[in-house]
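The values are calculated or read from the model by the stated rules, or taken from the named source; none is laboratory data. What you see is a predicted model; the values in this text were computed from it and never measured. We place every Cβ from the backbone using ideal geometry, glycine too, and count neighbours over all the protein chains shown. The protein model used for the area step is the full one, side chains on, heavy atoms only, and it has no ligands, DNA or RNA in it. Shrake-Rupley method; radii C 1.70, N 1.55, O 1.52, S 1.80 Å.
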Amino acid sequence: MTASLPPPRLLPSGDAAITVEFSRTIDEQANRRVLALDRALSDAPIDGVTETVPTYRSLLVHYDPVQIGVDQLGERLIALAQLPVPLTTKTRRWRIPVAYGGEHGIDLEDVAKTLNTTPDDIVARHVAGDYRVAMIGFTPGWSYLSGLEASLQMPRRQNPRLLTPAGTVS
């Protein structure tokens, strides 16, 4: 990625945070830019920045307005966001055991039916994928992944469950 990328939008988020928005939709390129900016701020901290929170498409940057003004911080964030995104980063591969169907995969049958295939086909296609942690959610350890094969994507349930059993793959 080069400096010819469009600059992100800066959105004030209260009186002590800025959202650096790379896209209005969830996409791989935007997420890579979010994570690159987060790494850049970690590698070369800006005085006054107190915390960063990466999401799929934006980075929330908390700061101390006594130490740095919003305009100065915004200029520095835009400059950092325009740096080339590294093509490769050090990664770790995790293997996560998954039990499909039954009490830990209560939607498997419905997914297969909706996609006009079999549960075994859904499982085979799901385990064949490589997934990347795009962000960590508000619950400790709750990872949001990217990389799901497009043909396996499902819309949200019409009626959300009020309780999802522990250990369930969503």
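Quick look at the numbers
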item: Among the residues listed as Gly141, Gly129, the single one being open to solvent by less than 90 Å² (accessible area, probe 1.4 Å), modelled with pLDDT under 85, within 21 Å of the chain's Cα centre (by Cα) and under 30 Å from Arg39 (Cβ atoms); result: Gly141
item: Residue list for the range 61-79, restricted to those being closer than 21 Å to Met135 by Cβ and either surrounded by fewer than 17 Cβ atoms within 10 Å (Cβ to Cβ) or over 21 Å from the mean Cα position of the chain (by Cα) (or both); result: His62, Tyr63
item: Residue identified as under 30 Å from Leu11 (Cβ atoms) and in contact (Cβ under 8 Å) with a residue 60 or more places away in the chain among Tyr63, Tyr56, Tyr100, Tyr131; result: Tyr56
item: Extreme residue, farthest from Gly167 (Cα to Cα), among residues of the range 119-148 that are hydroxyl-bearing (Ser, Thr, Tyr) and part of a loop (DSSP other than H, G, I, E, B); result: Tyr131
item: Strands (runs of 3 or more DSSP E) lying entirely in the range 1-113 (those with 1 or more residues that are over 30 Å from His126 (Cβ atoms) and aromatic (Phe, Trp, Tyr)); result: 58-63
item: Criterion (without any contact (Cβ under 8 Å) to a residue 40 or more places away in the chain and among the basic types (Lys, Arg)) met by exactly one of Arg33, Arg24; result: Arg24
